[in-house]
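Taking it in order: structure first as structure tokens, then the write-up.
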Amino acid sequence: MQYEAVIGLEIHAQLLTDSKMFCGCSVKFGSEPNTQTCPVCIGMPGVLPVTNKNAIEYVIKTGLALNCTVSPYSRFARKNYFYPDLPKGYQISQYELPLCEGGYVEITEDSSIKKIKLTRIHLEEDAGKNIHDGAGNYSFVDLNRAGTPLMEIVTEPDIRNPQEAVEFMKKLRTILKYINVCDVNMEQGSFRCDANVSVRPVGQKEFGVKAEIKNMNSFKFIEKALEYEIKRQVKVLKEGGRIIQETRLWNTDRGITESMRSKEEAHDYRYFPEPDLVPVEVEPSWIERIKTQLVELPDSRLERFISQYGLPGHDAGLLTSERATAEWFEEAVKSGGDPKGVSNWMMGELLRLLNEDNKQMEECALKPGQLVGLLNLIESGVISGKIAKTVFEEMYKTGRDADVIVKKQGLIQVSDESAIEKVVDEVLKNNQKELERFKAGDEKLLGFFVGQIMKITKGKANPKIVNELLKKKLMEDN
Amino acid sequence: METYDLTISGALQAIGSGQLSPVELTKAVFKRIEAVEGKIKAFVTIAKESAIEQARSAEINIKKGVKGALAGIPMAVKDNLCTEGIRTTCSSKILEKFIPPYESTVTKKLKEQGYVLTGKTNLDEFAMGSSTENSAFGATRNPWDTGRIPGGSSGGSCAAVSAGECIAALGSDTGGSIRQPAALCGVVGLKPTYGRVSRYGLVAFASSLDQIGPITKDVRDSAILLNVISGHDLLDSTSAPVEVPDFVSVLGRDIKGMKIGIPKEFLIEGMDKEVDAFVRDAIKKLESLGAVPLEVSLPHTGYAVAAYYILATSEASSNLARYDGVKYGLRAEGRDLMDMYMQTRAKGFGSEVKRRIILGTYALSSGYYDAYYKKAQQIRTLIKKDFQRAFETVDVIATPTTPAPAFKLGEKTEDPLQMYLSDIFTISVNLAGVPGISIPCGFTSGNLPVGLQLIGKHFDEESILKIAYAYEQSTDWHKKRPKL
């Protein structure tokens, strides 16, 4: 029997607010334990939460970017459970009335587009962190992270294989980064996901029993964990067994998922409306205002890059995958750069160099206008395309303008025919053997002569003139 | 009259005219505390040293011309209101040594007006109870008969005001915890509209019902204190952004033509005959002052106590989860994490608190939520609507505050349901979120105080204060003091 997987994701994204969800403490990552705390976020008696309006605004922004319906009226709820990193003994979250409902994300699969529907987006606070000492005698609690705003995005069970799950996560990451609500850092845990996985015979409508998979903190592990889990479930069913509803943890070292707790052991969170907070009322005018602040999203930007700049789909896709990259490109075009030329240089050189340095576009010292300066020098024949690559690397490293580098290093292209002719003559004279072979019909040697000429002129000879002169000389000699 | 028997307004007058200094007043109050506290046990913590210091600085400020509305007035504060640097126990072992690093909004406001904190008063543990017997630090006694309970949970504050151990006090009221002990101790207790006063720094029992209010010797003092503690607070999202009127300015206005609703559902079986008679007399008195009594109906009153004990315990089960031995307060040793949690909470909480945590946890559990919590919320909505409908025809509603005068210590400790019924007239007021005041309206043949409750519309404390004041002006009940 053939089986297919049914996957739904729950994504937690830490919001890029300056302060925590319900108090004024900073959310900076990596500070000394318990230095970013106050009576409110450590749950002292009698203190009360006050909602961070920016966090609500970020979720609305996300809802709009993901085609959701923003609820005019939503509520916070308490999720009750005991754990040392949860100072109040409950987490303030949302349950019955989330901030956003519905919505979808489009992913591309085998060049066709698939819509992954969303169930909801809600807002909650993060817990702190337990730290265990090496000897296992003591545990410590760091509450710096406690109360950090988290957005939970829940998908419908629309995903059918691990690759789709990864595609979805990549697309979501791009969008969240575009609208600047999350730094999408999977390593630091500011962007993480759990998956509900079940399998069923192909053609069956009902869902199978699901397992919840946790602890997948990279795209690679999402793919591996889901692949493993699907295989595991299919194997259990093929051997006549039954899937148990449970929570399983991905074990990176062993490359398997392991049972953490069964449904019977699952918490009863005893959700109820948070009485310390009034319901969140979102006026249509607030939504409108956020709408006007929303940047152009990657999908529409991609289409515009194709139609407006005549870029191939591949180029447009690459250039719009990060907001900063797309903005860099458009800035360069605005400064007078030819779109295709700018695109070629960005994809061929700039992104390669950034990648080598493991840097983000935001950290790039080179300004878009500087690339245009370089392109102009090539266009007007001041430097050759080959030299330009060297100049570009120098510009990237130093942030200096192209003409400054060209002048300082004497890289101006030689277009003086008599000067080049001398070199051509010299090369032909010094390479008699090759000349004879060329004349005997080995035309590939043309490149050899060009190379020799360029070597002597240190690449500065205008290649067009070199070619013309060389061909003329070779013909003459015939 | 003894100095410690002064009201806020009386003391301010004496201080203002130079007859009395804040230090003299404070010393007189502490002398009284030394004399009677052994019998009353109103306080968990007495703060004499800092009180004298505060009185001194009030004196200096007055000389400088800085006149706070409570400059030099010795007050007691219920021990579930956080006071920076002064331990705040909630009369629980679990917080026995807890010293808050922050000040509640209400006590901050009192400080800004120059009050003097005499000490933190006893309560039923975490405000759960109606007799102040559920305190980890011993029961408080009723100054009118020390063999009887003062009511609760603000029993310490009410007994302290009644016995002259302070000029006035603050309490908190979740189901009657200000009004019921005020009635049983013969003082004035006001529970403001939910949202009128910030709850920041009030250790939560049931967040959607808790409200802080004044406990005073007369109605004028109640208005003076309400003026100080009211108002929207950025630290409490449930405090209402509504304007605060001058509550003192309405006192003395004519009550002619004001309609007073008498709910027919409040004439319950088992009602004490003397209490019933005094309340009826009080209504007649109001009628003679020009008010118009009218029968009204609050048809869902019979469900109020049940709904209250679902909602309040549900919220409490969650509010008290933070006392887990991890961060502050009592921690008992345990074999592992779970055992530490269990030992800490077993040792730290008293039996009534445990009973309510269990009840609330049950009511919120999956599978029971709809039958209990949700149903109770629906009843709450109906009760709110009952009041709205009644207030379409009347300005205030009058009822007894309690069905009977103070009972004997230990009389109801074995019967929690009987104990819960002593709040039968006050609970629906918290569920509806409306304001209520209890004022003395008589003394039984056993010389025990009886309270009249006046209930107002949302954010209309003015009407109940106005009527309470008119009643008080035409009677002498509030002037009676217990002999100790």
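What follows draws every value from the coordinates through simple rules; no lab data is involved. The shown structure was predicted, so the numbers you read here are calculated from the model rather than taken from an experiment. All Cβ positions, glycine included, derive from the backbone under ideal geometry; neighbour counts span all protein chains shown.
Structure notes:
- Sorted peptide list for A:132-140, A:224-232, B:347-355, criterion being average Cβ within 10 angstrom, highest first: A:224-232, B:347-355, A:132-140
- Rounded FRET efficiency, nearest 0.05, which uses the C-beta distance separating A:Glu417 from A:Lys340 and R0 of 30 Å: 0.50
- Least to most buried among A:Tyr81, B:Tyr323 (fewest other Cβ within 10 Å first): A:Tyr81, B:Tyr323
- Global geometry of segment B:142-254, whether rounded, prolate or oblate, following the gyration tensor of its Cα atoms and the 1.5 cut on a/c: oblate
- Estimated vicinal HN-Hα couplings, Hz - segment A:238-248 in sequence order (Karplus 6.51, -1.76, 1.60; Gly, Pro = x): 5, 8, x, x, 10, 7, 9, 6, 7, 9, 10
- By the beta-carbon count within 10 Å of each Cβ, the least crowded to most crowded order of A:Met475, A:Met21, fewest first, is A:Met475, A:Met21.
- Net charge of the neighbourhood of A:Gln293, taken over other residues with C-beta under 11 Å away and scored Lys/Arg +1, Asp/Glu -1, is +1.
- Percentage, to the nearest whole number, of Cα pairs in the protein assembly as shown over 46 Å apart: 46
- Histogrammed with a bin width of 10 Å, the alpha carbon distances of chain B distribute as 4, 22, 33, 27, 11, 2, 0 percent, first bin at zero.
- Other protein chain Cβ atoms within 10 Å, averaged over every residue that makes up A:47-53: 5
- Nearest-ten-degree value, helix A:298-309 long axis tilted from longest Cα axis of chain A: 20
- For chain A, the relative contact order works out to 14 percent when only alpha carbon pairs closer than 8 Å and six or more residues apart are counted.
- Alpha-carbon gyration tensor eigenvalues x 5, square-rooted, for chain A, Å: 58, 28, 22
- Ordering of A:374-380, B:365-371, B:152-158 by packing [mean C-beta count within 10 Å, highest first]: B:152-158, A:374-380, B:365-371
- Using alpha-carbon coordinates, inclination of helix A:385-398 to the longest axis of chain A, degrees: 40
- Rg ratio for segment B:3-253: its Cα radius of gyration over 2.2 N^0.38 Å, N being its residue count, equals 0.91.
- Extending 7 Å from the Cα toward the beta-carbon at both B:Lys273 and B:Asp476 defines two label points whose distance is 2.7 nm.
- Three-way shape call for segment B:351-484 based on the alpha-carbon gyration tensor, with the a/c threshold at 1.5: oblate
- The B:Asp246 and B:Lys354 beta-carbon pair, evaluated with R₀ = 41 Å, returns a calculated FRET efficiency of approximately 0.40.
- Cross-link pairs exceeding 29 Å in C-alpha to C-alpha distance, out of A:Lys177/A:Lys224; B:Lys273/B:Lys375; A:Lys129/B:Lys375; B:Lys347/B:Lys384, comprise B:Lys273/B:Lys375; A:Lys129/B:Lys375; B:Lys347/B:Lys384.
- Straight-distance crosslink candidates among aspartates and glutamates, where the alpha carbon sits under 14 Å from B:Lys256 and sequence neighbours closer than 8 are dropped: B:Glu287, B:Asp395
- Evaluated at q = 0.15 Å⁻¹, the base-10 log of the normalised Debye intensity for segment A:3-288, with identical point scatterers placed on the Cα atoms, takes the values -1.25.
- Within 10 Å of the Cβ of each residue in B:322-329, the mean number of Cβ atoms contributed by other protein chains is 6.
- Average projection area in nm² (convex hull over Cα atoms of segment B:1-132, one quarter of hull surface): 8.5
- Extending 7 Å from the Cα toward the beta-carbon at both A:Glu356 and A:Val202 defines two label points whose distance is 4.7 nm.
- Measuring nothing but how far apart in sequence close Cα pairs (under 8 Å, 6+ apart) lie, relative to its length, segment B:1-158 scores a relative contact order of 24 percent.
- Couplings 3J(HN,Hα) of segment B:414-422, computed from phi: 8, 10, x, 5, 4, 4, 4, 6, 5 Hz, in residue order, whole Hz [Karplus 6.51 cos²θ - 1.76 cosθ + 1.60, θ = phi - 60°; x for Gly and Pro].
- Mean separation of Cα contacts under 8 Å (6+ apart) over length of chain B, as relative contact order %: 17
- Across peptide A:266-275, the average count of Cβ atoms from other chains found within 10 Å of a residue's Cβ is 6.
- Between A:Ser139 and A:Asn67, residue separation times 0.36 nm minus the direct Cα-Cα distance comes to 21.6 nm.
- Distance from the Cα centroid of segment A:160-189 to that of segment A:406-455 is 52 Å (rounded to whole angstrom).
- Among the listed pairs A:Lys263/B:Lys374; B:Lys31/B:Lys354; A:Lys61/B:Lys385; B:Lys67/B:Lys466; A:Lys20/A:Lys334, those with a Cα-Cα distance over 29 Å are B:Lys31/B:Lys354; A:Lys61/B:Lys385; A:Lys20/A:Lys334.
- Under 18 Å from the A:Lys235 label point (7 Å along Cα→beta-carbon), backbone N, segment A:256-288: A:256-260
- A straight line joining the Cα centroids of segment B:261-291 and segment A:244-292 runs 53 Å.
- Sparse-neighbourhood loop sites, GluC sites (Glu not before Pro) in segment A:1-107 - DSSP loop, at most 14 other Cβ within 10 angstrom: A:Glu96
- Distance between the pseudo-spin-label points of B:Asp5 and A:Lys117 (7 Å out from Cα toward the beta carbon): 7.7 nm.
- Lysines whose Cα lies under 19 Å from that of B:Lys78, excluding same-chain neighbours fewer than 8 positions away: B:Lys39, B:Lys41, B:Lys48, B:Lys93, B:Lys97, B:Lys108, B:Lys109, B:Lys111, B:Lys120, B:Lys191, B:Lys217
- Phi angles across segment B:189-203 convert, under the Karplus curve 6.51 cos²θ - 1.76 cosθ + 1.60 with θ = phi - 60°, into 3J(HN,Hα) values of x, 10, 9, x, 4, 4, x, 6, 10, 5, 9, 4, x, 8, 5 Hz, Gly and Pro given as x.
- Three-way shape call for segment B:1-59 based on the alpha-carbon gyration tensor, with the a/c threshold at 1.5: oblate
- Ranked by the mean number of other Cβ atoms within 10 Å of their residues, highest first, the peptides B:212-219, B:3-10 fall in the order B:212-219, B:3-10.
- Sequence of B:Ile46, B:Ile464, A:Ile287, B:Ile167 once ranked by neighbouring C-beta atoms within 10 Å, starting from the fewest: A:Ile287, B:Ile46, B:Ile464, B:Ile167
- Axis of helix A:368-379 versus longest Cα principal axis of chain A: the two differ by about 20°, to the nearest ten degrees.
- Helical content alone sets the calculated 222 nm signal of chain A at -12000 deg cm²/dmol, taking -39,500 (n - 2.57) per DSSP H segment of four or more residues and averaging over every residue.
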